[in-house]
Number of protein chains: 2
Amino acid sequence: MPAPEASRPGFARWLSQSNDVTSVFLAAGQNPDLINLAGGLPEPALWPVDELAELAAEAVRNHPVETLAYGPIPGLPALRDLIAARFSTPTLRLGRENVLIATSGMQALELVGKVLLEPGATTIAAQSPAYLGALDAWRPRDPEYRPMRLEDAGFDPVTALAGAQFAYTVPNFSNPSGRLVPLAQRQALVDAAHETGTWLIEDDPYGVLYYEGAPLPRLLDLSGARKPGTYDGPVVYMGTLSKELTPGLRIGWIIAAPEMIAALAAAKQGSDMCSSGLGQMIALRAFERDIPGRILPDILATYRARRDALCAAMHEHLGEYLDWQHPSGGMFVWARARDPRLDTDRLLAHALAHGVCISPSSVFDPEGLDRGAMRINFTLNAPERLAEGVRRLASAIQATLAERS
Amino acid sequence: MPAPEASRPGFARWLSQSNDVTSVFLAAGQNPDLINLAGGLPEPALWPVDELAELAAEAVRNHPVETLAYGPIPGLPALRDLIAARFSTPTLRLGRENVLIATSGMQALELVGKVLLEPGATTIAAQSPAYLGALDAWRPRDPEYRPMRLEDAGFDPVTALAGAQFAYTVPNFSNPSGRLVPLAQRQALVDAAHETGTWLIEDDPYGVLYYEGAPLPRLLDLSGARKPGTYDGPVVYMGTLSKELTPGLRIGWIIAAPEMIAALAAAKQGSDMCSSGLGQMIALRAFERDIPGRILPDILATYRARRDALCAAMHEHLGEYLDWQHPSGGMFVWARARDPRLDTDRLLAHALAHGVCISPSSVFDPEGLDRGAMRINFTLNAPERLAEGVRRLASAIQATLAERS
């Protein structure tokens, strides 16, 4: 007769503070008729499948050691060199020592938290509302958040950054707000980072997704232009293959001062040792053949039309309930309820019952308090399905408001 | 004129406690004549490169969404099912809810630390000496270590496990000691885990590498046999593709109670969201075609011969300096200096100067205090090169002892 079973030790505290929105979405995904406006998913029909298949086979056959063996912790040297060259400009000099390859942009966020956050004792100045995934990545290290509301007239970057361990921004079509940070504010953020010493994270998954207008300079560009020589400034730039090629290869990159790259490599050693050699080699060859450049026009045309279709349907069906801005790029429309009684957490439940899914604002607020807005994605669904999703959302809003009146 | 640059915030404290042995090895790797007996690297000539190339292309072409899109956080359902079936036995019932796919065995270690360690406030009972990578994975969360010396006559598993958050073991050919934990001790560890409630980590990268004798039951098997029904016991089993196929795909798996898998999935969401779909699909197809089973005889024959070559050369050249046990599997010989003046940290410096590289015992000790032993790998190098490495090591030992006398 074995001894009686003892109770198990508990899980770490942060797990009880985790939001369950992702599991709600996954469960909802079981419903094939659900129109998913919640995620940030790309359109698979835009991927060059046959070319990637051929490229995968060539990568393994011609480079078996680079693709199948353990690789260097900070990434394949040739891919690091390529990323350095791709982001260098006449006033921004980058070398291999400025680049680390990460297993996705999500891992890039996790690694930065790992090297900069002292558990329970660090302040992050974060663009507000903030990307859910960044909050997920940093939650186990229990940071304090100082919200940066960049659109506020009185926003002062030096006050915002002083004393924070790092500042977190998504200057191009922020997730969730879709906001494009204007040039003057970019310059002010960079100047504040140099003045205060605070690290300045530039998370840039959507930098290729400009539907109108010329791309603005990156924070990294503005910081590099302040000083000649190999980059060693305070900006930590994060890029990803997910939006310009495909997400499933799980390849991202960090560009930063060499001392930061060295710290991130020490962190990566204990996280997953190195990123997939096969994924890295496919990324390298894809860039060398300019596959991202070749498919970009199609991506832009498709997503631009979908953004327009979503906004037109919203104008028709949601104008009396919501306010929003037409985003000039990215993947999302951020919409705020006109009626303060419209709680978007409650709306989510009704939306699921009506066969549509949005992301409520509470998940983009470190405190979980903002229940008045929502993020709506326009990249995954075709125009007619976006319109149907908006009609369902209008019914769900009516049901939510009826419940509260 | 820009404002003067402020000093930057410091990095998290754990980075200053990190060992630099990996960067020493990487720098040494620049020397093409160096004989690397330090790592735990497989022999690339054993990989079925053409078959994997073809399989990679098929995976992308036939399953573009599974391979190229974001996937479910805990892994592709078909791969989770396959792993569950592969490890099920008449007395161990596993389902998909018992399995999480990880981005390498290293990530499995990191995720377990993330869900079980409260920073600065948790005890790990760890088989001693302990795998360097596990120490790396858990260092940022600042655990206390309680060493488990399984070979000591007085070792009592219940005392060792009581009050610890989890116990960490490598029962098959432990890294670094090469030790095979005998059946009676496996049973006692499992019984102690059930009695105390302490989670029991079974890290099993070398479970397929038995060169003599029949494989012993896993801790997972022994725990499952205690109670019918889907597994919900305290053992957390970790496996990897790295030793039975290739490491570069970065695919590992965790088998555990459903509540643990759910917690690990929440942790993985904020670490890298999901593992590479391409890597997972290649793993799935490789198992379905039994590629690991087909190449295993060659792997075993090659590594067995190399182990014998290493031990024969050690017997000839190192017998007067070192004591060791002939391992019956795995990748390593663990050798202890007879002369207490032989400091293996110092030996590493001399070894590098002599063109050979070993892993000193200090890196396998959470306190870094054990400087009397070393880990020697036999899987990467052919027999004649192993013999040359041993001759160089003998010269390095003589130089180290000469320095101290």
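The values are calculated or read from the model by the stated rules, or taken from the named source; none is laboratory data. Because the structure is a prediction, the values reported are computed rather than measured. Cβ coordinates were reconstructed from backbone atoms using ideal geometry, including for glycine residues, and neighbour counts include every protein chain displayed. For the accessible areas, the whole protein counts, side chains as well, though only heavy atoms, and no ligand, DNA or RNA atoms are used. Shrake-Rupley method; radii C 1.70, N 1.55, O 1.52, S 1.80 Å.
In this structure, the amide hydrogen of A:W199, modeled 1.01 Å from its nitrogen in the peptide plane, lies closer than 5 angstrom to those of A:A167, counting only residues at least 5 positions away or on a different chain. Normalised by 2.2 N^0.38 Å, where N is the number of residues, the C-alpha radius of gyration of region B:200-302 stands at 1.19.
By how many degrees, 0 to 90 and rounded to 10, does the Cα axis of helix B:291-317 deviate from the longest principal axis of chain B? Result, in degrees: 20.
With semi-axes defined as the square roots of five times the eigenvalues of the C-alpha gyration tensor, the equivalent ellipsoid of region A:65-289 measures 26, 20, 17 Å, largest first. Between A:D142 and A:G120, the built amide H atoms are under 5 Å apart, and every one of these is 5 or more places off in sequence or on another chain. Can you tell me the orientation of helix A:344-353 relative to chain A, as the angle in degrees between its alpha-carbon axis and the longest Cα principal axis, to the nearest 10? Helix A:344-353 sits at roughly 80 degrees to that axis. One compactness figure for region B:113-163 is 1.18, namely its Cα radius of gyration divided by 2.2 N^0.38 Å. Inter-part distance, region B:382-405 to region A:6-58, computed on C-alpha centroids, equals 52 Å.
A Stokes-Einstein calculation at 37 °C with viscosity 0.692 mPa s, built on the Kirkwood radius of the protein assembly as shown over Cα pairs, returns a diffusion coefficient of 118 µm²/s. With bins 10 Å wide beginning at 0, the percent of Cα pairs of region B:168-238 falling in each bin runs 21, 55, 22, 2. Heavy-atom accessible area with a 1.4 Å probe sorts B:F25, B:F87, largest first, into B:F25, B:F87.
Once Lys and Arg get +1 and Asp and Glu get -1 on their Cβ, which of A:A188, A:V235, A:P215 lies farthest toward the positive end of the dipole of chain A? Farthest along the dipole direction, towards plus: A:V235.
Here region B:57-117 has an Rg and Dmax of 14.0, 42 Å, counting Cα atoms alone.
In order along region A:31-37, the Karplus-derived 3J(HN,Hα) couplings, from 6.51 cos²θ - 1.76 cosθ + 1.60 at θ = phi - 60°, round to 7, x, 8, 5, 9, 8, 9 Hz, and Gly and Pro are given as x. Counting Cβ atoms of other protein chains within 10 Å of each residue's Cβ and taking the mean over peptide A:67-77 gives 4.
Mean per-residue shielding of peptide A:236-249 is 3, counting Cβ atoms of other chains within 10 Å of each Cβ. Can you compute log10 of I(q)/I(0) for region A:103-208 with the Debye formula, treating each Cα as one identical point scatterer, at q = 0.14, 0.18, 0.21, 0.22 Å⁻¹? At q = 0.14, 0.18, 0.21, 0.22 Å⁻¹ the computed log10 ratios are -0.49, -0.84, -1.16, -1.27.
Its residue count N sets the reference 2.2 N^0.38 Å, and the alpha-carbon radius of gyration of region A:282-380 equals 1.34 times that reference. The local environment of B:E259, defined by Cβ-Cβ distances under 12 Å, has a net charge of -1 under the rule Lys, Arg +1 and Asp, Glu -1.
Working value for chain A: equivalent-ellipsoid semi-axes of 33, 25, 25 Å, each the square root of 5 times a Cα gyration tensor eigenvalue, largest first. Using Cβ point charges alone (K and R +1, D and E -1), the dipole size of the protein assembly as shown about the Cα centre works out to roughly 60 debye. Helix B:383-404 versus the longest principal axis of chain B: what angle, 0 to 90°, nearest 10, using Cα atoms? Here the helix axis deviates by roughly 60 degrees.
Rounded to the nearest whole Hz, the Karplus-based 3J(HN,Hα) values (6.51 cos²θ - 1.76 cosθ + 1.60, θ = phi - 60°) of region A:249-261 follow the sequence 6, 6, 10, x, 8, 10, 10, 6, 4, x, 5, 5, 4, with x at glycine and proline. Solvent-accessible area assigned to carbon and sulfur over region A:65-289 amounts to 54 percent, based on a 1.4 Å probe. Take every DSSP beta bridge whose two residues both sit in the protein assembly as shown; close to 50 percent of them are antiparallel. Partner shielding of B:45-51 amounts to 3, given as the average count of beta-carbon atoms from other chains within 10 Å of each residue beta-carbon. Accessible surface comparison of A:H194, B:H315, probe 1.4 Å, protein chains only, largest first: the order is B:H315, A:H194. Cut-off 10 angstrom, C-alpha nodes, Gaussian network model of chain B. Which of B:L109, B:L94, B:L34 fluctuates the most? Maximum among the listed residues: B:L34.
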